[in-house]
Amino acid sequence: MAMLQINLRPRALRSACLAGLLALAACLGYGQAVNSCLDCHSAQPGRLEVTPEKFSQDIHAQKGLTCTSCHGGDASSYDPEQAMSRKAGWKGKVDRKQIPQLCGSCHANPAFMRTYNPSLRTDQLDQYHTSVHGKRLATGDTKVAVCTDCHSVHDLRPPSDPRSTVNPVNVAKTCSRCHSDASYMKQYGIPTDQFANYSTSVHHDALAVRGDLSAPTCTTCHGNHGAVPPGVDKVQNVCANCHVFQAQMYQKSTHSKAFQDKGLPGCVVCHTNHGIHLPSDAMLGTGPQGVCMRCHAPGDHCDRARATIQGNLTQLDQSIKDADQALRLAESAGMEVSEARLSQDQARDALTKARVTIHSFQAALVNQDIQAGMKIAAANQKAGKDAMVERNHRRIGLGICLIAIAFMLVGLWLYIKKLES
Amino acid sequence: MIAALIHWLDERLQLDGLIAPLRHKTVPTHRLSYWYFFGGITLFLFIIQVLTGILLLLYYRPGANEAFESVQYIMTRVQFGWLIRSIHSWSANLMIFTAFVHMFSVVFLKAYRKPRELTWVTGMLLLFLVMGFGFSGYLLPWNTLAFFATKVGTEIAGQVPFIGKPIMIFLRGGEEVTGATLTRFFGFHVAVLPGIVTVLIAIHLFLVQRLGMSVPPKVEAAWEANPAARREMKFFPNFMLRELMAWYVAIGALGALAALFPWELGVKADPFVSAPAGIKPEWYFLFMFQTLKIIPSKVWLFDGEVLGVLGCSLAGMLWMLLPFFEGDRSARIKAWFTGLSIFALVYVIGMSIYGYVAN
C-alpha cells in the first residue's frame with residue numbers, strides 16, 4: 001500500500017484524470033468509423049430518416065459498404081457543406097432512372113462481385129433491360145419498378161432472409177404493391193386482380209400456407225429481373241418447368257395444335273392463370289366446374305371420351321375408398337393389414353397417374369392407368385374382407401377352445417372332489 | 001403300457017426317489033390359500049413365454065432393416081404366427097401383472113418373514129428381471145412407439161449421476177437408439193436375461209421347496225392356539241390339480257385376448273421423424289414415469305429428474321431389503337410396515353392410473 005501512496009498536487013491530479021478520460025474515450029471509439037450521414041439522417045423526418053439500426057440490417061452495410069458507396073460525399077465530416085459537397089463526389093438522392101445503372105455498376109461487374117459472393121449472378125441489369133419494367137423506364141416512364149422498389153433500400157436483405165421483400169414467400173405481396181393498385185396501374189390497361197386470384201390458388205396455398213418454397217410465385221412464371229408476361233404460345237413451356245409429364249402428354253395431344261391454331265394460351269384455357277385451383281375430376285364433368293363442354297358439343301366423339309374418362313376415374317376413386325373402408329374395418333378388429341394399407345398408396349399413385357394422363361386426351365391411355373389401379377384396389381379390398389373372415393374363424397376357434405377348457409376344468413374339479421371324498 | 005414305461009424308467013432312474021419329496025410336501029389350507037396360486041401362474045406364464053419365444057425365433061430377424069418386416073411376416077404369412085406373437089405379448093403382460101400380484105400377496109401375508117428372506121430377495125430380483133424382459137422385448141418389433149419408448153427409457157437411465165451416461169451408452173450400443181440397440185436388446189432378451197432368470201427361478205423354487213409354504217401370522221397364531229384347527233392338503237396331486245385348473249384358466253384368458261385383441265404391430269420406426277405426442281411407456285413402468293413427470297425440474301439445488309431416478313432406485317432397493325428392516329420388531333413397528341405396504345400398493349395403482357389418463 002505504501003508504494004501506492006504517491007503525493008500529487010491538485011492541478012497535476014486534474015491533468016492526469018483528463019488524460020485518462022481521453023485515453024478511455026479513444027479506446028472505446030477505436031474501430032468505429034465516423035458516419036456523419038447516419039448521425040444526421042437518423043434525426044431526419046419521413047423518407048429522409050435512415051437510422052443506424054435500420055442500415056445495420058442492410059446486406060451492403062454488413063459487407064462493409066457505406067452511404068458514400070452509393071451516394072458519394074464525405075461521411076467523415078460533420079460540416080454539411082463538406083459532407084455533401086459535389087467536390088467530394090456527393091450525388092444526393094439518386095434519380096430513379098439512374099438506379100438500375102447505379103446498382104449495376106457493382107452487380108453487373110463479375111470481377112467485383114466475385115470478391116463478395118462468387119456464386120451471385122451478374123446478369124440482372126441485362127435482364128432488366130429486356131423486361132417490361134426496363135423497357136418502359138428507358139422510354140422515360142419512372143412509375144415502373146426499379147431495383148429499390150422490389151428489394152427495398154437502406155435495409156435491403158438477401159432473398160434467403162424470410163424478412164426480405166423478395167423472399168419467395170413475400171414476392172407476390174411485393175409485386176401486388178403496384179400491380180393490385182388500380183389507380184396506379186390505370187394507364188397501363190392491365191388487370192389488377194392477379195394477387196387476389198393468386199391468393200386463392202393452389203400455388204399460394206403450397207407456398208404461403210404449407211411453406212413449400214418450391215411452389216411458384218409471380219417471378220417463377222414471369223421471371224424476376226427480366227419480368228414479362230409469358231407469350232400465349234409459351235404458357236405451356238412455363239408450366240412445364242414443374243408439370244413435366246402433363247406438358248409432355250399435352251404436346252403430343254390433339255389439343256396442342258388446336259389451341260395453337262386458335263391462338264389459345266394452352267394450360268390457361270382449362271386451368272386459368274393466377275387463380276389456379278386444385279384440379280378435380282369435376283373439371284371433366286358437365287357441371288359448373290366442367291371445362292370440356294365450354295368448347296365441345298354434347299354427344300360428340302370428344303364428349304363421349306370425356307364421359308368415359310370421368311366415369312373410369314370416379315370408379316377407381318370409389319374402389320380405393322371401398323378398399324380403405326374394408327381395411328379400416330379389419331384394422332379396428334385388430335387384424336394386421338398394414339401391407340395392404342401400404343399397397344393402397346400404389347392404387348392412389350395409379351389414380352394420380354391417370355389424372356396426369358388425362359392431358360393426352362386419349363381415353364385408352366387413361367384407362368390403362370385406371371385398370372392398374374383398379375386391380376390393386378380390388379386386391380386390397382379382398383385383403384380387408386379376408387381379414388374379417390379370418391377374424392370370424394379365430395373367434396370360432398376360440399369358442400371351441402374355451403368350451404374344451406371349460407370341460408377340462410369341470411373334469412378336474414370333479415376329479416379333485418372324488419379324490420378328496 | 002404307460003405303467004410299464006414308468007416302471008422301466010423307474011428301474012433305471014429311481015424316479016420314485018426323486019418325486020418322493022413332492023409326495024410328502026403339503027400346502028397349508030386356510031381362507032387365504034388362493035394367493036398361493038399366483039406364483040405358480042407366473043411360472044406357467046414364463047414357460048409360455050419361453051415356448052412362444054422359441055417359436056418366434058424361427059422367423060424373427062434382429063436388425064433395423066428386417067425386424068419390423070419379420071414380425072409383419074409372422075403376423076400375416078406364418079401359419080398361426082399371429083396367435084404365437086399375440087400370446088407371447090399378452091402373456092408377457094399378464095406375467096408381469098401376476099408377478100406384481102404375487103409380490104404384494106407375499107407382502108400382505110408377511111410371507112417374507114424369517115426364514116424366507118432369501119426367497120423374497122430372489123423373487124424381487126426376478127420381478128426386476130421380468131420388467132427388464134418387458135423393456136428389452138418391447139423394442140424388438142422396431143415400431144415407432146417402441147423406438148421412442150426405448151429412447152425415453154434409456155435417457156432416464158442416463159440421468160443417474162456418474163454411471164448414468166456409460167449405462168445409457170452400454171444399453172444403446174452408442175449415443176443414439178439405432179440398429180445396434182436392437183441387436184443388443186435382442187441379445188439381452190433371448191440369451192442374457194433368460195439365463196439369469198432360469199438360475200434365479202431354480203433358486204427361488206428350491207427355497208420354496210426347502211422352506212415350505214408360509215402361513216399368515218394370524219392363521220399361524222390361531223393354529224398354535226388350537227392345533228386341531230390346522231388344515232393341510234397334499235401338494236401332489238391335490239394342490240397341483242388346483243394349480244392346473246388355474247393354468248387352464250390362464251391359457252383360456254390368453255387365447256381369448258389373442259383372438260379378440262391381437263397384439264398390434266404399429267408403424268415401422270423412423271429415427272428421423274419426431275416422437276409421437278404424449279408418448280408413454282408400458283403400463284408397468286407408468287407409476288415410475290408419472291413420478292418423474294410430477295417432480296419439479298429443480299428441487300432446491302438438485303435436478304428434479306436426477307432426484308426422481310435416484311429416489312425410485314433407492315425405493316426399489318429398500319423394498320427388496322424389506323424383510324431385513326422388519327425382522328423381529330414389535331407388533332407396532334410391524335403394523336407400520338403393513339401401512340407402508342398399503343401405501344406402496346395404493347401409490348403404484350394410483351400413479352399408474354394417473355399416468356394413463358394424464359396428457
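The values are calculated or read from the model by the stated rules, or taken from the named source; none is laboratory data. Computed from a predicted structure; not experimentally measured. Every residue, glycine as well, gets a Cβ built from its backbone with ideal geometry; the counts of neighbours run over all protein chains shown.
So that you can scan it fast, the table gives a plain yes or no per residue for (1) within 8 Å of chain A (Cβ to nearest Cβ); (2) within 27 Å of B:Val107 (Cα to Cα); (3) touching a residue at least 12 places away in the same chain (Cβ under 8 Å):
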| position | (1), (2), (3) |
| --- | --- |
| B:Ala202 | no, yes, no |
| B:Lys218 | no, yes, no |
| B:Asn226 | no, yes, no |
| B:Leu241 | yes, yes, no |
| B:Met245 | yes, yes, no |
| B:Tyr248 | yes, yes, no |
| B:Lys268 | no, no, yes |
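In the stretch A:351-409, how many residues are part of a helix (DSSP H, G or I) and of a type in the set (Phe, Trp, Tyr)?
Count: 1.
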Looking only at the stretch B:1-31, which residues are basic (Lys, Arg), within 19 Å of B:Arg242 (Cα to Cα) and assigned to a helix (DSSP H, G or I)? B:Arg23
Output for the stretch A:277-334, where each listed residue is outside any helix (DSSP H, G or I) and closer than 25 Å to B:Val267 by Cβ: A:Ala333, A:Gly334
Picking from A:Lys385, A:Lys417, the residue that is more than 30 Å from A:Leu278 (Cα to Cα) and within 13 Å of chain B (Cβ to nearest Cβ) would be A:Lys417
Requiring at least 1 residues that are in contact with a His (Cβ under 6 Å, 6 or more places away or on another chain), the helices (runs of 4 or more DSSP H) wholly within the stretch A:133-199 are A:194-198
In the stretch A:219-249, how many residues are under 18 Å from the mean Cα position of the chain (by Cα), under 15 Å from A:Val268 (Cα atoms) and assigned to a helix (DSSP H, G or I)? 5
Is one or more of the residues making up the stretch A:360-370 modelled with pLDDT under 95, touching a Ser or Thr at 6+ places or on another chain (Cβ under 7 Å) and under 24 Å from B:Thr76 (Cα atoms)? no
For the stretch B:250-266, which residues satisfy the criterion of being in a helix (DSSP H, G or I), at the interface with chain A (Cβ under 8 Å from one of its Cβ atoms) and farther than 30 Å from B:Thr26 by Cα? B:Gly255, B:Ala256, B:Ala259, B:Leu260
Subset of the stretch A:99-119, residues part of a helix (DSSP H, G or I) and either surrounded by 13 or more Cβ atoms within 10 Å (Cβ to Cβ) or hydroxyl-bearing (Ser, Thr, Tyr) (or both), comes to A:Ile99, A:Pro100, A:Gln101, A:Leu102, A:Cys103, A:Gly104, A:Ser105, A:Cys106, A:His107, A:Met113
Matching residues in the stretch A:410-421 - criterion: being among the hydroxyl-bearing types (Ser, Thr, Tyr) and assigned to a helix (DSSP H, G or I): A:Tyr415
Name every residue in the stretch B:65-82 that is in contact (Cβ under 8 Å) with a residue 24 or more places away in the chain and more than 12 Å from chain A (Cβ to nearest Cβ), in order of residue number. B:Asn65, B:Ala67
Mind checking whether some residue in the stretch A:336-347 is within 11 Å of another protein chain (Cβ to nearest Cβ) and more than 38 Å from the chain's Cα centre (by Cα)? yes
Select, from A:Thr192, A:Thr142, A:Thr148, the only residue that is surrounded by 15 or more Cβ atoms within 10 Å (Cβ to Cβ) and touching a residue at least 24 places away in the same chain (Cβ under 8 Å). A:Thr148
The conditions are (1) of a type outside the set (A, V, I, L, M); (2) surrounded by fewer than 20 Cβ atoms within 10 Å (Cβ to Cβ); (3) closer than 25 Å to A:Gly334 by Cβ; (4) out of contact with any helix residue (DSSP H, G or I) (no Cβ under 6 Å at 6 or more places or on another chain), and B:Phe68 fails exactly one of them. Which is it? (2)
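Is it true that B:Leu292 is facing another protein chain (nearest Cβ under 10 Å) and either surrounded by fewer than 14 Cβ atoms within 10 Å (Cβ to Cβ) or not in a loop (DSSP other than H, G, I, E, B) (or both)?
Spelling it out, it is not the case that B:Leu292 is facing another protein chain (nearest Cβ under 10 Å) and either surrounded by fewer than 14 Cβ atoms within 10 Å (Cβ to Cβ) or not in a loop (DSSP other than H, G, I, E, B) (or both).
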Any chance the stretch B:83-92 includes a residue that's closer than 17 Å to B:Met131 by Cα, within 14 Å of chain A (Cβ to nearest Cβ) and crowded, with 18+ Cβ neighbours inside 10 Å? yes
Across the stretch A:213-227, what is the number of residues that are crowded, with 20+ Cβ neighbours inside 10 Å and touching a Ser or Thr at 6+ places or on another chain (Cβ under 6 Å)? 1
Select from the stretch A:283-308 the residues that are touching a residue at least 24 places away in the same chain (Cβ under 8 Å) and polar (S, T, N, Q) and list them in ascending order. A:Thr308
In the stretch B:27-65, the residues that are aliphatic (A, V, I, L, M) and either surrounded by 16 or more Cβ atoms within 10 Å (Cβ to Cβ) or touching a Gly at 6+ places or on another chain (Cβ under 9 Å) (or both): B:Val27, B:Ile41, B:Leu43, B:Leu45, B:Ile48, B:Leu55, B:Leu56, B:Ala64
The listed residue being touching a residue at least 24 places away in the same chain (Cβ under 8 Å), more than 30 Å from B:Arg113 (Cα to Cα) and surrounded by 13 or more Cβ atoms within 10 Å (Cβ to Cβ), out of B:Lys280, B:Lys234: B:Lys280
Select from the stretch B:176-192 the residues that are touching a Leu at 6+ places or on another chain (Cβ under 9 Å) and part of a helix (DSSP H, G or I) and list them in ascending order. B:Thr181, B:Leu182, B:Arg184, B:Phe185, B:Phe186, B:Phe188, B:His189, B:Val190
Going through the stretch B:324-337 in order, the residues found to be touching a residue at least 24 places away in the same chain (Cβ under 8 Å) and either under 27 Å from B:Leu286 (Cβ atoms) or not in a helix (DSSP H, G or I) (or both) are B:Gly327, B:Asp328
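Results for (1) in a helix (DSSP H, G or I); (2) of a type in the set (Val, Ile, Thr); (3) within 30 Å of B:Ser214 (Cα to Cα), shown as yes or no for each residue.
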position: B:Asn65; (1), (2), (3): no, no, no
position: B:Ile84; (1), (2), (3): yes, yes, no
position: B:Met124; (1), (2), (3): yes, no, yes
position: B:Leu127; (1), (2), (3): yes, no, yes
position: B:Phe133; (1), (2), (3): yes, no, yes
Which residue, of B:Trp247, B:Trp263, B:Trp283, is more than 30 Å from B:Lys334 (Cβ to Cβ) and in contact with a Gly (Cβ under 8 Å, 6 or more places away or on another chain)? B:Trp247
May I ask you to list the residues in the stretch B:71-82 that are over 18 Å from B:Ile251 (Cβ atoms) and surrounded by 15 or more Cβ atoms within 10 Å (Cβ to Cβ)? B:Val71, B:Gln72, B:Tyr73, B:Ile74, B:Met75, B:Thr76, B:Val78, B:Gly81
Looking at the stretch B:103-118, can you tell me whether even one residue there is under 19 Å from B:Val197 (Cβ atoms), crowded, with 19+ Cβ neighbours inside 10 Å and not basic (Lys, Arg)? yes
B:Val208 passes all but one of (1) surrounded by fewer than 15 Cβ atoms within 10 Å (Cβ to Cβ); (2) closer than 30 Å to B:Phe37 by Cα; which number fails? (1)
